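I have a structure I would like to understand better, so I am pasting it below and will then ask my questions one at a time.
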Amino acid sequence: QVRLVESGGGLVQAGGSLRLSCAASGRTFSSYTMGWFRQAPGKEREFVAAFSWSGGSTYYADSVQGRFTISRDNAKNTVYLQMNSLKPEDTAVYYCAAAQYRLGYTRDRYDYWGQGTQVTVSS
């Protein structure tokens, strides 16, 4: 069982930056691909970024490529999402997710989820 706790959300003006953190419990953090998803009101939860458990590869949705950066610190059991040049359309609840020994871009590939953190970007 893995428990995920996100933090770092908030209100920011368009063009600003935020860094989200996700702290994971357990001793096998390095065996998990860590992903970030987001869900805006009235929309489906969508993939944002992932950091693979093996090889250190990162993946991004087209909508955030070049603006967001995912990173992880296995010693701290933490994954981060640095969000720059934020736009009003980035407003959503952001969720951290974990998938053991596999990579995924869809919700069904992930086994564990955090409770989410709200990001609001004002225009």
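The values are calculated or read from the model by the stated rules, or taken from the named source; none is laboratory data. Everything quoted here is computed from the prediction, not taken from an experiment. Backbone-built Cβ (ideal geometry, glycine too); neighbour counts: all protein chains shown. Ligands, DNA and RNA are excluded from the accessible area calculation, which covers all protein heavy atoms including side chains. Shrake-Rupley method; radii C 1.70, N 1.55, O 1.52, S 1.80 Å.
What's the total number of residues in region 82-96 that are touching a Phe, Trp or Tyr at 6+ places or on another chain (Cβ under 7 Å) and under 14 Å from R45 (Cα atoms)?
Within region 82-96, residues that are touching a Phe, Trp or Tyr at 6+ places or on another chain (Cβ under 7 Å) and under 14 Å from R45 (Cα atoms) number 3.
Please name all residue pairs, on different chains or six or more residues apart, with Cβ atoms under 7 Å, provided the first residue is in region 32-45 and is touching a residue at least 12 places away in the same chain (Cβ under 8 Å) and of a type in the set (S, T, N, Q) and the second residue is open to solvent by less than 30 Å² (accessible area, probe 1.4 Å) and part of a strand (DSSP E or B).
Correct list of pairs: T33/A50; T33/A99; Q39/A92.
What are the residues in region 48-66 that are open to solvent by less than 30 Å² (accessible area, probe 1.4 Å) and either assigned to a loop (DSSP other than H, G, I, E, B) or in contact (Cβ under 8 Å) with a residue 40 or more places away in the chain (or both), if any?
The answer is V48, A50, S52, A61, V64.
Still on this structure, please answer the following. Of all residues in region 25-44, count the ones that are under 28 Å from N74 (Cβ atoms) and either open to solvent by 60 Å² or more (accessible area, probe 1.4 Å) or in a loop (DSSP other than H, G, I, E, B) (or both). Steps first, answer last, please.
We begin by selecting, within region 25-44, every residue under 28 Å from N74 (Cβ atoms); these are 25-39.
Those left that are additionally either open to solvent by 60 Å² or more (accessible area, probe 1.4 Å) or in a loop (DSSP other than H, G, I, E, B) (or both): 25-28, 30.
Qualifying residue count, region 25-44: 5.
Under the condition of being of a type in the set (V, I, T) and in a strand (DSSP E or B), which residue from region 1-24 is surrounded by the most Cβ atoms within 10 Å (Cβ to Cβ)?
V12
Does any residue of region 83-94 turn out to be modelled with pLDDT of 95 or more and open to solvent by 70 Å² or more (accessible area, probe 1.4 Å)?
Let us first name the residues in region 83-94 that are modelled with pLDDT of 95 or more, namely 83-94.
Filter once more, keeping what is open to solvent by 70 Å² or more (accessible area, probe 1.4 Å): 87, 89.
Yes.
Conditions tested, residue by residue: (1) among the small types (G, A, S); (2) within 21 Å of T106 (Cβ to Cβ); (3) touching a helix residue (DSSP H, G or I) at 6+ places or on another chain (Cβ under 8 Å).
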position	(1), (2), (3)
I70	no, yes, no
N74	no, no, yes
T78	no, no, no
A92	yes, yes, no
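Tally up the residues in region 72-111 that are more than 10 Å from M34 (Cα to Cα) and in a strand (DSSP E or B), please.
8
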